[in-house]
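Derivation of every value follows stated rules applied to the coordinates shown; laboratory data play no part. Keep in mind that what you see is a predicted model, and the values were worked out from it rather than measured. Here the Cβ is made from the backbone with ideal geometry for all residues, glycine too, and neighbour counts use every protein chain on show.
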Amino acid sequence: MDIHQTIAAIATAPGEGAIAIVRMSGNEALSIAAKLFSVPLLKSHVAYYGKILGANREILDHALAICMKAPHSYTGEDIVELHCHGGSFITKRILERCLEAGAVTAEPGAFTFRAFMHGKMDLAQAEAVQALISAKSAAAMSHAKNQLEGSISKKVLLLQDKLFGIAAILEAWVDFPEEGIEFASLEDVSLDLRLIKEEIEAFAATFHEGKVLYEGLTLCLIGAPNVGKSSLMNALLRKERAIVTPIAGTTRDILEDQMQIGDLSVRLLDTAGLRETEEIIEQEGIKRSKNALQEADLVLLVLDASRTLLAEEESLIKSLLPEKTLLIWNKCDLRSDIEGVLKISALQGTGLDKLKEAILAKITYNSNKDEVLITALRHKEALDKSAQSLSHVIQGLQEGTSPEFLTSDLKESLQHLTRIIGKDISEEVLSAIFSRFCIGK
Ligand SMILES: Nc1nc2c(ncn2[C@@H]2O[C@H](COP(=O)(O)OP(=O)(O)O)[C@@H](O)[C@H]2O)c(=O)[nH]1
Ligand SMILES: [Mg+2]
């Protein structure tokens with residue numbers, strides 16, 4: 001991405017609206033504005049009312065124009081914003097006029113990319129801009145805002161600081177092999193490294209929670225036919241979404257719907273009951289149930305409290321991952337002396353609040369808004385690699401490897417952390433990140 005040209009884009013959402021904004025950023029922004037706006041933009045950060053003029057001085061629109069002179073702007077460059085009437089035709093025409101007058105079209109994320117290149121924000125903050133725009137729940141928005149304010153960057157810098165301290169000790173050992181050892185004992189350094197590594201791993205482990213926060217949670221109802229999966233789906237959604245009948249094999253296809261649990265958005269899947277069958281449609285439904293099972297973040301295995309467990313159910317329970325499964329005893333209106341933690345009646349709607357609490361507890365989602373979570377796979381991979389390099393250092397220390405060799409692993413660990421905030425990063429990675437942005441951001 002070339003940052004020497006002056007870019008222009010429509011910054012507001014497409015369609016009709018009261019006002020739309022066309023903006024430009026770059027060295028030529030002000031001189032281009034002088035060609036197409038009837039009033040000179042003398043002062044920075046002041047709105048001027050005037051006319052947008054075509055190449056032959058014809059009036060295209062009446063508008064407000066604001067310039068924000070470098071470095072006091074979003075991108076760190078001269079920016080001009082034209083606030084015009086919000087029709088899609090007129091805004092396109094005004095954008096074209098900017099291009100005629102010397103600007104080039106902005107690629108997705110180009111403005112934020114420039115902000116990053118000019119040191120207005122680091123890479124984790126730039127990624128937060130997009131996260132904020134695409135946030136679909138209050139919790140996701142609040143997290144993105146913290147990230148934009150630098151929460152992830154601060155945490156990374158803190159970890160790096162600690163590693164720099166260790167690097168200094170290792171270097172002292174190299175430079176002063178005799179006295180150096182007195183700076184710190186081998187055990188102390190090992191212990192410190194282990195603690196830092198654990199901290200990095202714990203930070204990486206927040207990825208799951210972060211993903212749930214942004215993308216929501218997929219819950220899958222699984223069980224034998226007629227245990228009340230569809231009834232539970234309806235009870236949770238509070239509407240008659242799925243067909244419920246006493247006939248086994250009623251649900252064939254996967255049914256899907258959205259709901260909220262606490263501040264999380266949840267995708268609920270109802271599936272065909274698992275059993276041996278010759279019926280072709282039902283067989284296909286069962287195949288789909290098994291796929292949905294794989295895809296789910298959490299499986300709700302529904303059991304019928306009014307009868308004893310079937311052999312198939314016993315083996316199903318054994319085949320599911322305990323950390324991904326909740327056992328739910330339904331039809332407790334028919335029999336309540338059952339031993340089980342989650343007892344519900346989908347028919348009467350009892351036990352559902354406890355079930356929701358159990359779901360939140362199971363996915364270890366805590367709505368503590370101040371906790372710093374990572375949500376980008378890129379960040380998780382960098383943290384994993386950083387921890388891995390540290391384990392090489394720790395292992396080397398134990399085996400008595402000379403400090404010279406250990407410093408290179410330590411540097412690598414630091415480098416992986418640095419990539420999160422965006423130094424030392426390849427062009428491909430950068431363009432992959434910014435191409436996900438919208439145009440004009
Ligand atoms: N008594 C009682 N019957 C239920 C309950 N939940 C479902 N049923 C009945 O069990 C039958 C099968 O329910 P359905 O939801 O279709 O089960 P699915 O095959 O697992 O989807 C229907 O006749 C429901 O009315 C419950 O909590 N208590
Ligand atoms: Mg069903």
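Some notes on this structure:
- Euclidean distance between Cα centres, the range 208-230 to the range 374-441, Å: 33 Å
- Subtracting the Cα-Cα distance of D2 and K145 from their residue separation scaled by 0.36 nm leaves 48.6 nm.
- Using distinct alpha-carbon pairs, which all enter the 1/r mean, Kirkwood radius of the range 186-238 in Å: 15.1 Å
- Stretchable slack from E279 to A168, in nm (0.36 nm times residue separation minus alpha-carbon distance): 32.9 nm
- When the convex hull of its Cα atoms is projected in every direction, mean area for the range 7-121 (nm²): 6.4 nm²
- Label-point separation in nm, T245 to L64, each point 7 Å along Cα→Cβ: 6.2 nm
- Estimated at 0.36 nm per residue, the fully extended path between I133 and Q258 surpasses their Cα-Cα distance by 42.9 nm.
- Where a label projected 7 Å from the Cα of Y49 along Cα→Cβ would reach, residues of the range 71-103 with amide N under 19 Å: 81-86
- Cα-based Rg / Dmax (Å) for the chain: 29.3, 87
- Spread of Cα-to-Cα distances over 10 Å intervals beginning at zero, given as percent, for the range 140-286: 10, 23, 17, 14, 13, 11, 8, 3, 0
- Put in line by how crowded their Cβ is, counting other Cβ atoms within 10 Å and starting with the fewest, R114, R307, R57 read R57, R307, R114.
- Reachable lysines from K92, criterion Cα separation under 30 angstrom, eight or more residues apart if same chain: K35, K43, K51, K69, K120, K136, K441
- Span per principal axis, largest first, for the Cα atoms of the range 99-184 (Å): 69, 39, 14
- DSSP loop GluC sites (Glu not before Pro) with at most 14 other Cβ within 10 Å excluded, longest remaining stretch of the chain: 59-148
- Rounded to the nearest whole Hz, the Karplus-based 3J(HN,Hα) values (6.51 cos²θ - 1.76 cosθ + 1.60, θ = phi - 60°) of the range 114-128 follow the sequence 5, 4, 5, 5, 9, x, 6, 7, 8, 5, 4, 5, 4, 5, 5, with x at glycine and proline.
- Two-site FRET efficiency, E201 against S315, from Cβ-Cβ distance with R₀ of 30 Å, rounded to 0.05: 0.30
- Taking the charge dipole of the chain about its Cα centre, with +1 at Lys and Arg Cβ atoms and -1 at Asp and Glu Cβ atoms, the residue from V22, L236, T418 reaching farthest to the positive side is V22.
- Converting the Cα gyration tensor eigenvalues of the range 215-362 into ellipsoid dimensions via √(5λ) gives semi-axes, longest first, of 20, 18, 15 Å.
- Once the Cβ-Cβ distance of H118 and R57 is raised to the sixth power relative to R0 = 30 Å, the FRET efficiency obtained is 0.30.
- Relative contact order %, the chain, counting alpha carbon pairs below 8 Å whose residues are six or more apart: 17 percent
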